[in-house]
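The values are calculated or read from the model by the stated rules, or taken from the named source; none is laboratory data. Note that the coordinates shown come from a computational prediction; the quantities given were computed from them, not determined experimentally. A quick note on method: Cβ atoms are made from the backbone with ideal geometry, for glycine too, and the neighbour counts reach across all protein chains shown. Ligands, DNA and RNA are excluded from the accessible area calculation, which covers all protein heavy atoms including side chains. Shrake-Rupley method; radii C 1.70, N 1.55, O 1.52, S 1.80 Å.
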Amino acid sequence: MDRIPVTLLTGFLGSGKTTVLNRLVQQSEMVDTLVLINEFGEVGLDHLLVTHSREDIIMEMSSGCLCCTIRGDLVRTLKEILDAVEKHEQRRFGRVVIETTGLADPVPIVHTLASHAELKDRYRFDGVVTTIDARNGEATFDAHIEAVKQAAMADKLLVTKTDLVPPDVLMRLSGRLGAINPAAEVIHVSHGELAAHRMLDLGLFTTDGKISDVQRWLAEERYRDSDSEHDHHAHDEHGHEEHPSHDHGDQQHRHNRRQNDVNRHDDQIRAFCFTVDEPIPQAVLTEWLDILLSLMGPSMLRIKGILNVEGVEQPVVIHGVQHVFHPPVMLDGWPSDDRRSKLVFITRSIGRETIVQSFQIFREAGGIRSQRDHSA
């Protein structure tokens, strides 16, 4: 049985999630979509708005924060709706969209879909869509790390209320989003209008269960651009001149401005990619990831990779969110002539050098447990 894709629609308080959702559910692509809304408080105003939009399957979860009740309400709801379908008490559905509360962390939902014994074989995580208020986005990022994390984990970023701000504000916000999450497509949305197909099939698989465009999904070239920009800023911060000039005062002014911009917009999020030229031994890969996630799991927001594993002909695709990895997927063939392993990371407060050095240590050791077993 094909697993049912689940899309998370998240975004900080007042960022326009419900307005977007109300427009989405009126489109034909969403006709067989189960919508779960985590309402906050006794009056389900958002739920009523969505329910009145059309008569397809739309349910609400009980009051409370989704991140706190994830093992209860969400699991129970997803199981019960499948049971009802199998008993012909409810119409069949082909997709799930979960709208979270503004303060919700998307990670517990992803963990549940990837690891819960009764859900992982029936549902699959497709992607995260995050809304950002164009007027208040930067101020929200400055004040709330939850909002930064929502943006960092997104596969698509919807900048809402774009009709209410001047172009320079949009440009500045887009630059900051590019630093937080270089691989996510940024879509400007006015009055909640968004074509449904733009937020579907965001993950490794398409709706019919086929492998999607792996290179698009990995988007490693965007992380390389982010690496270069970050290195460029780091270079400038040490006082090196970008262009020779006789106007020392102007140089200092530009340097101070860059310094202030970097400090003010340092959201502690790092996005980067690194490649491995030679095939990776299975033991090295497994042990490195195990140690990395056990020591730094909370700081590993997203990990994606297409890997050349020693002794395996086909490329292996991995995808992890914090300390939980989805089952690896073996592709039929390489998407290009490039056979190098490529891993992309979005981390919090952990730089590229730390990750690369940890891998080199394990590679040079040949796998700590393997070395120990060989010695024994």
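Accessible area per residue for the range 294-369 is 49 Å², calculated with a 1.4 Å probe on protein heavy atoms, without ligands, DNA or RNA.
A simple packing score, the average count of other Cβ atoms within 10 Å per residue, orders the peptides 284-294, 310-320 as 284-294, 310-320, with the highest score first. Heavy-atom accessible area, probed at 1.4 angstrom with all protein chains present, ranks Met171, Met296 as Met171, Met296, highest first.
With all pairs of separate Cα atoms included, the range 139-220 yields a Kirkwood hydrodynamic radius of 14.2 Å. For a paramagnetic label modelled on Ser358 (point 7 Å from Cα along Cα→Cβ), amide N atoms under 14 Å away belong, within the range 283-303, to 285-303.
Spacing of the modelled spin labels on Thr275 and Asp163, each 7 Å from Cα toward Cβ, amounts to 4.5 nm. Pairs Lys87/Lys120; Lys149/Lys304; Lys17/Lys87: which are spaced more than 25 Å apart, C-alpha to C-alpha? Too far apart for the 25 Å limit: Lys17/Lys87.
With R₀ fixed at 30 Å, the C-beta to C-beta distance from Arg3 to Arg340 puts the FRET efficiency at about 0.50. The accessible surface of the range 303-360, taken with every protein chain in place and a 1.4 Å probe, is 44 percent carbon and sulfur.
Compactness of the range 93-164 is given as radius of gyration and Dmax, 14.2, 46 Å, from Cα positions. Computed from the C-beta positions of Arg122 and Asp213 and an R0 of 30 Å, the FRET efficiency is 0.75 to the nearest 0.05.
Subtracting the Cα-Cα distance from 0.36 nm times the residue separation, let me have the gained length for Ser115 to Glu310 in nm, one decimal. Can you show the working numbers first?
Numbers: separation 195, 0.36 × 195 = 70.20 nm, distance 2.70 nm.
Stretched out fully, the Ser115 to Glu310 stretch lengthens by 67.5 nm.
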